[in-house]
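The values are calculated or read from the model by the stated rules, or taken from the named source; none is laboratory data. Just so it is clear, the model here is predicted, and its values are computed rather than measured. Virtual Cβ from ideal backbone geometry, glycine too; neighbours counted across all protein chains shown. Heads up: the accessible areas ignore ligands, DNA and RNA and are worked out on the full protein's heavy atoms, side chains in. Shrake-Rupley method; radii C 1.70, N 1.55, O 1.52, S 1.80 Å.
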Amino acid sequence: MITLALSKGRIFEETLPLLAAAGIEVTEDPETSRKLILPTTRADVRVVLVRATDVPTYVAHGGADIGVAGKDILIEYAGDNGGNDGLYQPLDLNIAKCRMSVAVRADFDYEAAVKQGSRIRVATKYTTIAREHFANKGVHVDLIKLYGSMELAPLTGLADAIVDLVSTGNTLKANNLVEVEQIMLISSRLVVNQAALKLNREPIRALIKAFESAIPK
Ligand code: AMP
């Protein structure tokens, strides 16, 4: 049995065509089903639905053999684990694309604050990415860890800036925030448990190959 860990939403939806390329169809809809383990048209392949941040944990510890996770999630997971995630990452799947950016309130002069060398208060869920970004720029920041609704932090005075994922930019706009810096482009990657790859080499290799053939341009 090959267990594939996916998170609901964009990653699940955008992984379906890759599975189809491997001749695999998920036979239940996660939006209507309450099941956390979804069968597929292949008796030896099943999908487990987990939180996006839990995908690397499931795969690293063998709860799943393979998984799909955003680059953001993988960097933060490695950061929380001393820089070593123990995961084999054979493919950038080029799905669930977005960018990691710095955003501020429209009336906050970010450039001036950086030039003056002021300490900037930055709220984010992505502390590893933010820490590294500002350290590389030589900007002093106080990082404030949040678990959601980052946009609220500059609006309430909790922080001067946020580091968050941006896709269309609509969320920032709706909250009067402006993107002042792009840190990196984000897409989702295939991650594989190294022991599973050794034990179950052929079917996992075949799956990786099929996925590779269907990566969107
Ligand atoms: P948007 O309004 O399209 O710019 O989307 C921004 C919101 O969606 C923010 O709250 C982000 O945290 C979230 N978001 C955007 N893209 C992704 C992604 N690929 N994965 C997870 N969350 C995302």
Which ones in segment 53-92 are within 14 Å of the ligand (Cβ to nearest atom), hydrophobic (A, V, I, L, M, F, W, C) and buried (at least 21 other Cβ atoms within 10 Å of the Cβ)?
Val55, Val68, Ala69, Ile73
Subset of segment 147-161 (residues that are within 17 Å of the chain's Cα centre (by Cα) and under 15 Å from Met100 (Cβ atoms)):
Met150
Residues in segment 22-39 that are of a type in the set (Gly, Ala, Ser), modelled with pLDDT of 95 or more and open to solvent by less than 50 Å² (accessible area, probe 1.4 Å): how many?
1
Tell me whether segment 106-124 contains one or more residues that are closer than 19 Å to Ala78 by Cα and assigned by TED's automatic domain parsing to the domain that holds Gln182.
yes
Out of Arg10, Arg42, I need the residue that is open to solvent by 60 Å² or more (accessible area, probe 1.4 Å) and under 30 Å from Glu179 (Cα atoms). Which one?
Arg10
Just a yes or no: is a residue in segment 132-146 open to solvent by 20 Å² or more (accessible area, probe 1.4 Å), under 22 Å from the mean Cα position of the chain (by Cα) and in contact (Cβ under 8 Å) with a residue 40 or more places away in the chain?
yes
Out of segment 46-65, which residues are β-branched (Val, Ile, Thr) and under 7 Å from Ala5 (Cβ atoms)?
Val48, Val50, Val55, Val59
Among Leu185, Leu165, which is more than 9 Å from the ligand (Cβ to nearest atom), open to solvent by 40 Å² or more (accessible area, probe 1.4 Å) and assigned to a strand (DSSP E or B)?
Leu185
Can Lys209 be described as at negative phi, open to solvent by 20 Å² or more (accessible area, probe 1.4 Å) and outside any loop (DSSP other than H, G, I, E, B)?
yes
Here, strands (runs of 3 or more DSSP E) confined to segment 51-115 with at least 2 residues that are under 20 Å from Gly169 (Cβ atoms) and of a type in the set (Val, Ile, Thr) are 98-105
Just the residues that are more than 10 Å from the ligand (Cβ to nearest atom) and surrounded by 14 or more Cβ atoms within 10 Å (Cβ to Cβ), please, taken from segment 169-182.
Leu177, Val178, Val180, Glu181
Test: residue in segment 58-68 that is within 10 Å of the chain's Cα centre (by Cα) and either under 15 Å from Glu28 (Cβ atoms) or β-branched (Val, Ile, Thr) (or both)
yes
Look at Ser101 and say whether it is touching a residue at least 40 places away in the same chain (Cβ under 8 Å), within 13 Å of the ligand (Cβ to nearest atom) and not basic (Lys, Arg).
yes
Is at least one residue of segment 151-162 more than 16 Å from the ligand (Cβ to nearest atom) and open to solvent by less than 70 Å² (accessible area, probe 1.4 Å)?
yes
